[in-house]
Amino acid sequence: QVQLVESGGGLVQAGGSLRLSCGVSGFTVSAYNLGWFRQAPGKEREFISGISWFGESTYYKDSLKGRFTISRDNAKNTLYLQMNNLKPEDTAVYYCAASRSGPLSALPVTANYWGQGTQVTVSS
């Protein structure tokens, strides 16, 4: 049974940090590109970061470069997103996803599996 389970979300003050985790089971994680998406209230889901099979390539939404860092540990079947200097506009539900094929940039359309999401709320 394929499962992607996000954790690490919560309420944090502006300027604070959170580390999201996405535990993966049911498939060989090292054969998949992984990524993070988020959806703020009233907005469409957006692709914010991706990482290739062994971490050799990464993608970040331009506005998040320098604040967010994606990483993965294939031995632990886990994807991470370190988020620093959080801002109220980072408030959203954060989702992880996995794609068996295609480049990182195509992950929004090639994703095979999705997590259920974890809420991140940044207070001002």
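The values are calculated or read from the model by the stated rules, or taken from the named source; none is laboratory data. Note that the structure is predicted; figures quoted are calculated from it, not measured. Every residue, glycine as well, gets a Cβ built from its backbone with ideal geometry; the counts of neighbours run over all protein chains shown. What goes into the accessible areas is simple: the full protein's heavy atoms, side chains included, and nothing from ligands, DNA or RNA. Shrake-Rupley method; radii C 1.70, N 1.55, O 1.52, S 1.80 Å.
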>> So, in the range 75-89, how many residues would count as being touching a strand residue (DSSP E or B) at 6+ places or on another chain (Cβ under 9 Å) and either open to solvent by 40 Å² or more (accessible area, probe 1.4 Å) or at pLDDT below 95 (or both)?
In response: 7
> Taking the range 1-31 as the region of interest, how many residues are more than 15 Å from Ala92 (Cα to Cα), in a strand (DSSP E or B), open to solvent by less than 40 Å² (accessible area, probe 1.4 Å) and among the β-branched types (Val, Ile, Thr)?
Replying inline: 1
>> Quick check on the range 90-120: of everything there that is in contact with a helix residue (DSSP H, G or I) (Cβ under 9 Å, 6 or more places away or on another chain) and within 18 Å of Gly42 (Cα to Cα), which residue is surrounded by the fewest Cβ atoms within 10 Å (Cβ to Cβ)?
In response: Asp90
> Of the residues in the range 33-59, how many are at negative phi and open to solvent by less than 40 Å² (accessible area, probe 1.4 Å)?
Replying inline: 13
